[in-house]
Structures are given as structure tokens and as C-alpha cells.
1. Looking only at residues that are in contact with a Cys (Cβ under 9 Å, 6 or more places away or on another chain) and part of a helix (DSSP H, G or I) in segment C:272-283, which one is surrounded by the fewest Cβ atoms within 10 Å (Cβ to Cβ)?
2. Go through (1) in a helix (DSSP H, G or I); (2) at the interface with another protein chain (Cβ under 7 Å from one of its Cβ atoms) one by one and return the number of the condition B:V91 breaks.
3. What number of residues in segment C:344-365 are surrounded by fewer than 24 Cβ atoms within 10 Å (Cβ to Cβ) and over 15 Å from C:R489 (Cα atoms)?
4. Any idea which of (1) surrounded by 19 or more Cβ atoms within 10 Å (Cβ to Cβ); (2) more than 21 Å from C:L337 (Cβ to Cβ) is the one C:A69 doesn't satisfy?
5. Looking at (1) surrounded by fewer than 24 Cβ atoms within 10 Å (Cβ to Cβ); (2) in contact with a Ser or Thr (Cβ under 8 Å, 6 or more places away or on another chain), can you tell me which one C:I84 breaks?
6. Taking segment C:237-255 on its own, how many of its residues are within 15 Å of C:I321 (Cβ to Cβ) and part of a helix (DSSP H, G or I)?
7. Select from segment A:28-46 the residues that are part of a helix (DSSP H, G or I) and at the interface with another protein chain (Cβ under 8 Å from one of its Cβ atoms) and write down the one among them that is surrounded by the most Cβ atoms within 10 Å (Cβ to Cβ).
8. Please enumerate the residues belonging to segment B:71-83 that are facing chain A (nearest Cβ under 7 Å) and out of contact with any Gly (no Cβ under 6 Å at 6 or more places or on another chain).
Amino acid sequence: MFFLAGAGALGGAIGVVTLRNPFYSVLSLVAHLIFLAVLFLLLQAEFLAAAQVVVYAGAVMVLYVFVVAYVGGSDEPLRPEGGALRVLGPLFAFVLVVELCIALLGSSLGLIDSPGADVPAGFGTPAEIGSLLLRRFLVPFEAASYLLLVAAVGAVVLARRRRGLEEQEVGA
Amino acid sequence: MDVSWFLVLSAFIFCVGAAGVLSRRNPLVVLLCLELMLNGSNLALVAFSRMHGDGGGQIFALIVMVIAACEVTVGLGIIVAIFRRRLPVDVDELSTLRG
Amino acid sequence: MSATGFGWLVLVFPIAGMLVCALGYRKLPGHSAGWIGSLAILGSFAASIGMLFDLLDHPEEERELVDAAFTYFETAGVNVDLSILVDPLSVFMCLVVSGVSFLIHVYSVAYMDGDEGFARYFAYLNFFVFSMLLLILAANFVVLLVGWAFVGAASYLLISFWYRRTTATRAGIKAFVINVIGDIGLVIGAFLLFDATGALDYEGVFAEVNNAFSTNDGTLVAACLMILVGAFAKSAQLPLHTWLPDAMEGPTPVSSLIHAATMVTAGVYLIARTHPLFELAPLAADISAVIGTATLVFAATVAVVATDLKRVIAYSTMSQIGYMILGVSVAAYGAGLFHLMTHAFFKALLFMGAGSVIAAMAGNQSLDRMGGFRKSMPFTFVTFTVGALALAGFPLFSGFFSKDEILAFTLHRGGGFVVLAVVGYLAAGLTAFYAFRMVFRVFFRPPVSEARELEHGHLAHADPQNPATGEPEDTGVGFPGPEHHIAERSWPMKAAMGPLALLALVGGFVAVPGLTDTLEHFLEPTFAESRFAESVPSHGAEYAGLGVGALVAIGGIALAFFVYMSRRALRLELRERFTTVHTFLFRKWYFDEIYNATVVRPMTAFGVFGRNVIEADFVQNTIVGGTVGIVRAGSSMARAIQSGYLRGYAALLLVGMTGLGLYFLITAAG
């Protein structure tokens, strides 16, 4: 089960990066998110998996689809993509992967080679999450809602038309 | 499954996202890759939470999702504004913040 | 008030005068700057008299009073105070300096009338007198050096007073450079002494010097020679004499003050003050005597052919200082200082008279163009002649007694000194000759046009020009003013020249050998421990010396009369016959040319090289430019990071993160 979901997630990720058309990239990300939700389920984080599908894949990605439809984004850009960073980017990332793996596999964290600690039955259920949110993590919860408010205001500000400001012609 | 597999997978996802940020020119796709990176770290968080049996990791992941949502909102708003101003929607061209 | 209290007053008055004139130079009306300056010096003179009387109240053994104002610095092993020494020598010098300076100030009020820099002049002059008095009253080498350096600076300021004249500024620089060479010598000498004796004040050094050195000890001789370098630079002796004739570019009262009475005598004072050192190092004293004699002969020969009136007098100063140096080098301190005093009187007088004559000539200083002023300027004629007679050593005038006393002492020392004495007598003859050369050429013979105009009561005027080069000038700031005053018409000039003439006449009677030894007696306490104190020529020898001197002087005057009055053509014949000799003397024995070639040109070339190569190429281009280039390159490299290129920033982030991770990995593993 893990390998299936893992492969799917990874495939989706690679698809995001490599697909030319941004629309396809968005779709690829949606797939990736769903497979990630499966992985969350495997980790006994049920509420989180549900939230991922509903909020992330549902709302956020839909927003993305709208914007991609509006803005578009050309299929083939004028110049070849990336210049030096086209090669260097993946190279740096590969280096990072290697490093992280070394860190992880060589670490002396206990339990890392096991499925994990024994967890109580209610672990990861909405009830459990809810009680955590309202008790231990009340302040972050409130802060997160404040953050959402700020983001919404910001989006409105960015999107409004300023009166008296001509839209500039940009040279080619 | 061992927790370490999840962690390795999350490292891979994160790095794929990083590679994408560096190599794509369309800002929309860059943002998408940024989402990838965030998801990678989410996975790691949840894996650790399972490892320790602490629910705090999942809360953290939830908050990260909230942040991702906010960031997408604002980022897309910027991209739309750029598009509306008829500037090239291309990360390499948008370099007026040079020093 | 005590003697030392008066001593501080002597110093305070000129400083106060200087400050008032300097700070208020715009506001002081009319001639008030001049009167303020003169009053300040009069105050100094009065305080000097106070010092004198108080000192005389002390018994003879206690006539050395030191007073410290505050401690300059006090470190391990070196204690230096700002202290003054009041003893017969310093009181004597103070009286001479302040007295003559006062008269010169009064003279200057009239002479500098109409000059734009009137107040500046008096500020400088007061500063100069202050420095000279400080030098005289110093009780240790440090304060001496301070006064010494100030005197050099003041002389520079005053020589190049008319600063828009290039000849004047060049002369000022020349004087200053040579003075600095002297300063260096003095500093090195003081240091050598300090090194050996551990003290910087006179009392301490002189007490220790017998223990620290043996007779003619190498270090002591070196120290004395260094002190001599200082003395010779200040007193314009060979070979550091070239600045004195050029220093005539300054206003005539400046020449009269600095180059007759005060600054050039500082060297003589120094040798007299440090006499214990010279007595313990006879080699240095002998060298000093020889150089003094050489200078007096050199200067006398050049004065015979010089054509600029002021320069003749300048060379005579050089020559007479040579006599003084000879005097103090053969331990005839009383005689040397006596000559210092009489010389101050008649030389200042001669310069003042010259100023009056030059004014009558409307600024022209050439002897060739002067003549016959006897009828038109009687007062100037009389005073100038009195001065010349004193200079020549005519019997009964002041110079007669003082100069011959020195020569008598020199003879008495015997041995090689006899040669020096004979040379001294010959030069005395030359002195009389050139002194009266001046008198006859300026005042006798048919009057020139300016003199004839003056006889009709009309003072000549001419377009302002540089007397040396003849190039036209104007009378604005930095140039001489438009007014010319002659003594006959200006009461301050008369008021100054009169007393000096009187003193030149009777000043000698202060120390007639055998009759009135007041000066010698007065100065005794300072020189009591000199090993030559008892070695005095007998009265007979002294009278014989006086007789010889009288003969020599009269002979010189007669020769001058013969050449300049009776057989005028003789002069031109001689000049044609002895052209090489004449040119050699006229060119001042080619000293200036030698110095120019050996010192000035290489130094200037080095300076030009320094500017073009070292400064421009090396420092500016390589060091400064290189540093700038490196910084520019570095900063443009750093600037490349801020490209505004988003992906570049992201790449940097990633790489940095990777690097950090690597670092943590390594430290955790290790």
C-alpha cells in the first residue's frame, strides 16, 4: 500500500516539475495531493487526510485552476528554459536529497526504524485534533485564523483596480 | 511501514519541489513547486508525529496547510496583478529588484 | 617683587602686546598698534630694570635665581619645568634686548606708516621680542629650544613680511631652513648632554658635566659641536651664513632688530651660557674661535665690494658677530658680551640711518646711485657717522673699547690665538675701511638728484619697485606702503636714533679697562667658576691693544678717505686690475653658488622626483588606486549577488541550506 501511494506521490511531484503546460502541472499536483492523503491515512492521521483532500486539493487547487485559465502561461517560452539553472537546479536538489538521506538514515533517533510508538485509539481522529486545537494549541489556532484574515485582505488589495492609474504598455 | 521510509519519501518530494523552483520560469509553476515542498515537509511532520505518538505534529501540519493556502492566495493575486499590468509573466524578466 | 617675578613680567608684556595687536588688527585705529607694541616693550624694559635692581640686592654668591611656573612634563628620569633663570647674564641680555627693541619699535611706528600690514607687523615684532626674551631667560634646554624655535619662526615671518614679493618669501624660506638646521644641531646637542648627565636644566647639567665627561671627551666635543651648529645657524657664521644678506628683504627696522641686536646674538649668548661645557671641551671652543675669525674676515672682505647699502651693513653684522664668537670662545666672556651690547647700539643705529637714506632715495638701495646727502639730511648724517665711527673702532667711541678688549684677550691666550688676534686686527682695519666707504659714498661727494631735491625740501618719489630686481610692484597688502619717511621729518625716528647715537658714543665708558670694570664685575657671578676667570691680560697689555686698535681704525678710515674722496678714479682702476678678486668678493666667495649646486639643486630634484614618481605614480596610482581598484572589484563581485533574479536567490538559498546541513552532519558525526 505504501509503495503504491508513495510512487504515485512521487510521480505526481515529478510531473509538476517537468510538464510543460502549466495546466497539466496543476492536475499533476492534484494527483500528488490525493496520494499524499493516502499516505496520511497510513500514518493514522485521518482528519489531516480529509482536510488535505477537501481544503488543499479541493479549494486551493481549484483557485489555481482558475488563475491558470486566466493567466495562461505560454507553452513554449521565448528562450530555452532556465539557462544554467536548468541543469544546476536539479543537481543542487540531488545533492540535498543525498544529504538528507544520509542525515535520516544515519541518525540515531530511536523508533525511526519502527512503525512508530504505540498510539492510543483516538489518535488522529477529528475529536482528538479538535481537543488539541482548543487546548494545547489555542494560540496558534487563533494566530492562524488571523493570518487567514490578513491574506484575504491582501488578496483584495492586490486585485482592486486603482482609479487614475493607466495600465502601462510594456515594451516587447 | 517503518517511519524512515516516509521520511525518505518526504525528502525526495521536497527536493523535487526545490528542483522545480529553480528550473521553471513560469511563476505559476514555481508556486506549484513551492506547494510541493510544503507538502513534503507536511509528510515529514506527520511521520514524526506518528513516531512519537504526539498529536502536535499533526496540528503543525494543519497550520502549515493554512499557511500554504494564504500564501497561494497572495501569490496568485500578485501574478494576476502582473498579468493585468501586461508585464511578462516570467520569473527571469521580473528583476527590477536588482541591486 | 622679586627678581624672578620681574622676570615673568618681562615675558608677559610682549605676549600681551602681541595678542592685542594680533587679535585687534582690524579694529585698532591709526598708529595705536604701534604704540601698544612699543609700550609693551617699554614695560619689558622697565621690568628688566626691576630685575636688575632686585638682583643687585642679593649678595654676589646668590645671584642665580631660578623660578618655575609649572612642570612641563615629569616622567621617569626626565623632569622639565617651565622655568626661568635670573642671573647677571640673563639680566644683561634682557636689558640690551628690551632696550634696543623699544627704540626700534618707536622707529617702526614712523617707518611702517601707511603700510597695510601695520598691526600685523607689530604683532610679529612683539612675538619676536617675546621669543628672544624667552630664549634668554630659559633655565633649561627645553625652554631654550622653544624660544630658539620661536625666534626662527618670528624671523621668517618678519623677513617675508612683504609677502607678495617673491624675493622676500624666498629669503624667508632660506633663513628658516638654515635656522632649522641649527635647531636640529641644538636638539642633538641637548640630547647628548641629557644622555650623559641625566638632566636638562642648566644647573643640573653644569653640575654633572665634570663628573660625566673628561676633558675633550668625544661625546662632549660632539655635543658642543652640535650646539655650535645651532649657534652658527642663528648667528650667521660660516658655513651657515648665507641667509643673512638675503634677509635684508625685510623692512629695515626688522633688519635693525633681528640682524643687528637680537637674533644673531643668540648664538653668542648660547656659547656664553653653556661655557662650562666649552671649557671642558677646549677642542670645540678652539674650532668655534677659528670659525668666528674666518667669518669675520670673510664678511669684511665681502662688505668692501658690496653695492647694496643694507647688505654692507649685514655683512658687517656677520663680521662683528664673528668677533663676539671669538671673544666667548677664548673665554673672554665679559669682553664678548660687552661687544654684543655696543654692537647692538651702533648697528641698530646704522640700520636706522640706512632706512632714512633709502627713504630719501625713494626705495633705491644701491650705493652706486647715492651721494651727497650731507646737507639735506644732517641728522641722519650725524647719527650714521657716529655709528660708523663706533663700528670702525675709532678711539673713545663704544666699539673701540669693546672690540679691542676681545682682541687683547685673544692675544693674551697666546699660542695659535695670536694668529687669530692678528687676523682680527687686520679685519678691524677692513671694517673701518668699509664703514667709511659707506659714509663717504652716501653723504659726501656731489649730491645726486634725490639729494638736491631734498635740499629744496622736496622728498623724492618713485614708482614702487622691488629694490633687488627692479620689477614694479603696487602698494597694496603684502607690499611696502606708499609712504617714505626720513629721520629729519619724523619725530619717532629721531626719538629712536638719538638715544642710540648717544649710547654708541658713550656706551664704551662702561668698561674702560682699568678704570671702570663695571660690566666685567657685574657679569662675574655667572662666569665665576670659569677656569679662565683669573687669566686676564694686564692693564699694560690692554692699553697696548687699545693703541693698536686705534691705529688700525684711523688707518682704515684714512684709506677709505683716500680711495673714495681724493683719488676717486683709483677705485675703478683697482676694480679693472683685480677683476677676478673683485668678482670673487662680489659673489660672496661663491658660497651661494656652491650651496645651490650641492644642496639646493639635488634637494629640489629629489622633491620633483618625489612629487612625480613617488607621489603620483607610486602612492596615488599604485597604493591608493590599487586599493580603490581592489575594493571596487570586490564590491562589484558582491553586487553580482543582488541580481534581482529570483531563481538565483532561490539557488543561493538552497545551496546555503545544503551547506549548513552538511556542516551539522559533519559536526554531529565528528
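The values are calculated or read from the model by the stated rules, or taken from the named source; none is laboratory data. Because the structure is a prediction, the values reported are computed rather than measured. Cβ atoms come from the backbone with ideal geometry, glycine included; neighbour counts cover every protein chain shown.
1. First, pick out the residues of segment C:272-283 that are in contact with a Cys (Cβ under 9 Å, 6 or more places away or on another chain): C:274, C:277-278, C:280-281, C:283.
Next, from what is left, pick out any that are part of a helix (DSSP H, G or I): C:277-278, C:280, C:283.
Values: C:L277: 22, C:F278: 24, C:L280: 22, C:L283: 16.
Of everything passing the filter in segment C:272-283, C:L283 is surrounded by the fewest Cβ atoms within 10 Å (Cβ to Cβ).
2. Against the list (1) in a helix (DSSP H, G or I); (2) at the interface with another protein chain (Cβ under 7 Å from one of its Cβ atoms), B:V91 comes up short only on (1).
3. 3
4. Tallying (1) surrounded by 19 or more Cβ atoms within 10 Å (Cβ to Cβ); (2) more than 21 Å from C:L337 (Cβ to Cβ), C:A69 fails exactly one: (1).
5. Result: C:I84 passes all but (1).
6. Residues of segment C:237-255 within 15 Å of C:I321 (Cβ to Cβ): C:237-245, C:247, C:255.
Add one more test, that the residue is part of a helix (DSSP H, G or I), and what stays is C:243-245, C:247, C:255.
The number of residues fulfilling the criteria is 5.
7. First, pick out the residues of segment A:28-46 that are part of a helix (DSSP H, G or I): A:28-42, A:46.
Remaining after also requiring at the interface with another protein chain (Cβ under 8 Å from one of its Cβ atoms): A:29, A:32-33, A:36, A:39-40, A:42.
Numbers: A:L29: 26, A:H32: 27, A:L33: 22, A:L36: 31, A:L39: 27, A:F40: 28, A:L42: 19.
The qualifying residue surrounded by the most Cβ atoms within 10 Å (Cβ to Cβ) is A:L36.
8. Step one: filter segment B:71-83 for residues facing chain A (nearest Cβ under 7 Å), giving B:72-74, B:76-81, B:83.
Those that are facing chain A (nearest Cβ under 7 Å) and out of contact with any Gly (no Cβ under 6 Å at 6 or more places or on another chain): B:V72, B:T73, B:L76, B:G77, B:I78, B:I79, B:V80, B:A81, B:F83.
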